[in-house]
Ligand code: H79
């Protein structure tokens, strides 16, 4: 099937908008190149420009993140009030884009602030849920493209403390709750698009085309001062998650990077600030690469089809699917940042909570295969080229730690599991959660199999831990 001109134009616009920071998914599926090769190149180029000093600083601040693997993304803002519907009509697309999709004038959209009163918001409950889900960091929208600050800001009165009946600063409460739970706390901040500001990027319906705006006036007058506020008023911030770097030149990018590096040297910068200076590569939204990707990278993803709450979107990914995606991403070397969209009352939809907690219960038993784990040394289990197209395989995934392999089985084999060909010798095997019961290992003709019971011990996926004896060079 050929792509329609409309789709091609949208694709071109999106890839232009996310210039070299977010890999283009369609390129990964191109016929001749090995799958994932272009993404691997982009990932390596993130680190390429760093000086040795910068590289050392980067290594120090990203160490926790490499262990963490699994984080909670929260999209919360005024858009939770219309929740995907404007003037009685559903508005297609992601919920937090409603102002743009329905071309709502600033004067009208602003009125939402007067009704925003999330009395059911409870920071402790949100952070407890993240902990129950096995997530190690939280990233929340401090300001999305609509320009509304969800924190008390001295820079602009268009913020939750000054413009709503709620009057509280939920970011202060979340920062405190995260500190109590030992969960890292970070901010999403839309640095480029700001549909509330005459000189911010994106609002062409009120303010005309972006190329006629005084963009630096907006950056210096609002975005940079607000990022400063976020990095000085909320304790240690683990990460600032910038997005959609429209019109972000290297000079503008460097201004934000310098602000972050000066105020909080341990704070990470995601891969969407602008050209250069990110600590890791951000994959496209919901885009899981087909192969192992070297370097540091993250997949930001939704539980349904929207980031901000939409009342009609109840198409939830199952706990089984979420667990597969988590293991899949970790086995390819990445982190998974998984989103919830709380309601305007301040409640995380029950289905999101239930599904995330189910993943958390799986992690309680099997987390050893995830936290701090390195990617698969094999790769054949991920899939293969069939008729010039990459066909994904989903039977099992492998993650590793020094001296150990973890095989997570999503399809239960009859009788035994054959280990992939390896130089190392497998010396011991057991199920995570049952380390005291050894599984029998048999080697014939150089092939090692693990004997399995008839029934899988875990309803979602069982993990076989295998201890290996790596041949030391120069011995035997
Ligand atoms: O914050 C979430 C999204 O709002 C943000 N990134 C994640 C983490 C994001 N900003 N832009 N995009 C994602 C790409 C946007 C694409 C679309 Fe559209 C928005 C497709 C449909 C609505 C723009 C407007 C392109 C077509 C119509």
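Quick notes on this one:
- Theoretical FRET efficiency, 1/(1+(r/R0)^6), r = Cβ-Cβ of residue 51 and residue 125, R0 51 Å, to 0.05: 0.70
- Mean residue ellipticity, 222 nm, helices only, the chain: the sum of -39500 (n - 2.57) across DSSP H runs of n ≥ 4, divided by residue count and rounded to 500, is -8500 deg cm²/dmol.
- Gyration tensor (alpha-carbon) shape descriptor, the stretch 298-429, a/c threshold 1.5: prolate
- Prolate/oblate/rounded label for the stretch 19-369 (Cα gyration tensor, a/c 1.5): rounded
- The ranking of 365, 240 by Cβ neighbour count inside 10 Å, starting from the fewest, reads 365, 240.
- Ranked 247, 150, criterion: other C-beta atoms within 10 Å, fewest first: 247, 150
- Inter-label distance for residue 179 and residue 380, nm, one decimal - labels placed 7 Å from Cα along Cα-to-Cβ: 5.3
- Length gained on full extension, residue 459 to residue 155: 104.3 nm, using 0.36 nm per residue less the C-alpha separation.
- Antiparallel content of DSSP bridges confined to the chain, in %, to 5: 55
- One chain, two ends: residue 263 and residue 107. Fully extended at 0.36 nm per residue, the span grows by 52.7 nm beyond their Cα-Cα distance.
- Inter-label distance, nm, simple model (7 Å from Cα along the C-beta direction), residue 286/residue 254: 3.8
- Helix 123-132 axis, angle to the chain major axis (alpha carbon atoms, nearest 10°): 20
- When 181, 75 are arranged by Cβ crowding within 10 Å, least crowded first, meaning fewest neighbours, the order is 181, 75.
- Crossing angle, helix 170-181 versus the chain [Cα axis fit, 0-90 degrees, rounded to tens]: 30
- For the pair residue 38 and residue 447, the difference between a 0.36 nm per residue extended length and the Cα-Cα distance amounts to 143.9 nm.
- Point-to-point label distance, residue 364-residue 424, nm (Cα→Cβ direction, 7 Å offset): 2.9
- Relative to the longest principal axis of the Cα atoms of the chain, the long axis of helix 37-48 makes an angle of roughly 70 degrees.
Bear in mind these aren't lab numbers, they're just calculated from the coordinates by the rules spelled out. A quick note: this is a predicted structure, and the numbers were derived from the prediction, not measured. Because the Cβ atoms are built from the backbone with ideal geometry, glycine has one as well, and the counts that use them run over all protein chains shown.
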